[in-house]
1. With a sphere of radius 13 Å drawn around the Cβ of Gly286, what net charge do the other residues whose Cβ falls strictly inside it have (Lys, Arg +1; Asp, Glu -1)?
2. If we count other beta carbons within 10 Å of each Cβ, what is the order of Ser36, Ser48, fewest first?
3. Which value, in debye to the nearest 20, gives the size of the charge dipole of the stretch 47-118 about its Cα centre, when Lys and Arg are +1 and Asp and Glu are -1 at the Cβ?
4. Between Ala140 and Gln181, what length in nm is gained on full extension when 0.36 nm per residue of separation is reduced by their alpha carbon distance?
5. Rounded to the nearest 0.05, what FRET efficiency is calculated for Glu43 and Val291 with R0 set to 41 Å and r the Cβ-Cβ distance?
6. Roughly how many nanometres apart are two label points built 7 Å out from the Cα toward the Cβ at Asn77 and Leu155?
7. Hey, which aspartates and glutamates would be in cross-link range of Lys53, C-alpha to C-alpha under 14 Å, not counting anything within fewer than 8 residues on its own chain?
8. Figure the gain on full extension for Lys260 and Glu108 (residue separation times 0.36 nm, minus the Cα-Cα span) and round it to one decimal in nm.
Amino acid sequence: MSLTAERQALHHKIACAEYQQPHDYWRLQSPHGPTSDIKDELERRGYSTGNIKDPAWLRESLIRSNMGQTSYVLCTNDELRGYIAARKIDSKALISPRRKGFRSELIELLDKADQNPQFHKFMDLPPEIRNRIYDMYYKAFEKPLHTPAQPPLVLASSQLRREALQLFYNTFTFVVTFELQSMRNYTQDTAKQLDLTIPHRLRAFFTSLMPANLAAIRTLQFRACDSRIPRGRGHYTIYHEFEIKLPQHEGGNIEADFGKAQARERTVLEQQVWPVLTEMSSRPGGIQFTVDDVWKLRRAMNWI
C-alpha cells in the first residue's frame, strides 16, 4: 500500500467511528491514531488548531469537528463576543459596560454552550425539513448495524418516533449473521452442508420488531460465520456472505449481490436464494421482508 493510500485509510479510520456494540453505533467515539495524523486530518478539514499540540485537545477538537462545531483558536476577542451575542448566550456574569471578559472566559462560555446545544422549535419546522434532518443524521452512520437498539432520537417524543423510526430501518444496512455449528460432506467437488444456527440476539431482534418496522428494512447483509472460533480472538471465519436490496418504490426489482462468494459457491447460493426472493416478489402489497423470509434464507444458506 502506498503512503498516500495508507494516509487515506487512516483518515477514513479516524473520521468514521467503529461501532463495536449494538447500543453504541450512534455515539461519537474517541478518535484513535497518532497525534500528528489527527492534526493533519483537522487541517484537511480546515479546522484551526494554531500551534496547539496537546493530544487530548486535538482529539477533543476532532470530536468537535465531527459535530460541526467551530474552532475558536484564531478568533479575536471581539469575534468571540460577537458569537456570544449572536447566539444569545447568557453572559451577564462576564460581560458588562465596564467589563469585556477575559479570552479564556469567553471561550469557556462558548464551549459550554456547544456542549449543551438547545433548539426548542424543531417541531415548528416544516415536515419536509425535519425529514431531511433525519436523513442527514442517519446517513452519518456509514457502517452496517448488527442487531441495533433503536436510536435515542426516536425516544424523545411520540411524534419523533412516528416520523423517524421507519426511516431508521429504511436507511441502514442490517447484518444478519448465522453461526456455523458443524459441516458435512467435506469433498471439494460437492456442496458442503452447513448447520447454521440463529444466535439468540439475532432471533430476539427480528422477532421483537413490529411488522411495519421490519417491512421498512430495505437492505440486509447475510453472513455464515464459524462460531467455534473463540470470541476472544476478535473475529469469526466468514464462509460466505451476500447482500439483498429491496426496491424503495413499487414496481422495482430485488437486487442480490453474491460478489464476495467464490464461483462454485456463488452458483449454489444463487440456486438456493433466488427461489426465496422470487416468492417475495410475487406477493401482493409490495416487496417486504418478513421474519419467515429471514429464516428461509438461513435454510437456503445451509448449502454452499
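No value in this document is a laboratory result; all are computed from the given coordinates. Everything quoted here is computed from the prediction, not taken from an experiment. Here the Cβ positions follow ideal geometry from the backbone for every residue, glycine too, while neighbour counts run over all protein chains shown.
1. Values: positive: Arg218, Arg283; negative: Glu250.
Neighbourhood net charge equals +1.
2. Fewest-to-most ranking of Ser36, Ser48: Ser36, Ser48.
3. I would put it at about 240 debye.
4. Details: separation 41, 0.36 × 41 = 14.76 nm, distance 3.58 nm.
Additional length available on full extension: 11.2 nm.
5. 0.25
6. Label at Asn77, label at Leu155, 4.5 nm between them.
7. Cross-link targets: Asp37, Asp40, Glu41, Glu43.
8. In short, 49.6 nm is gained.
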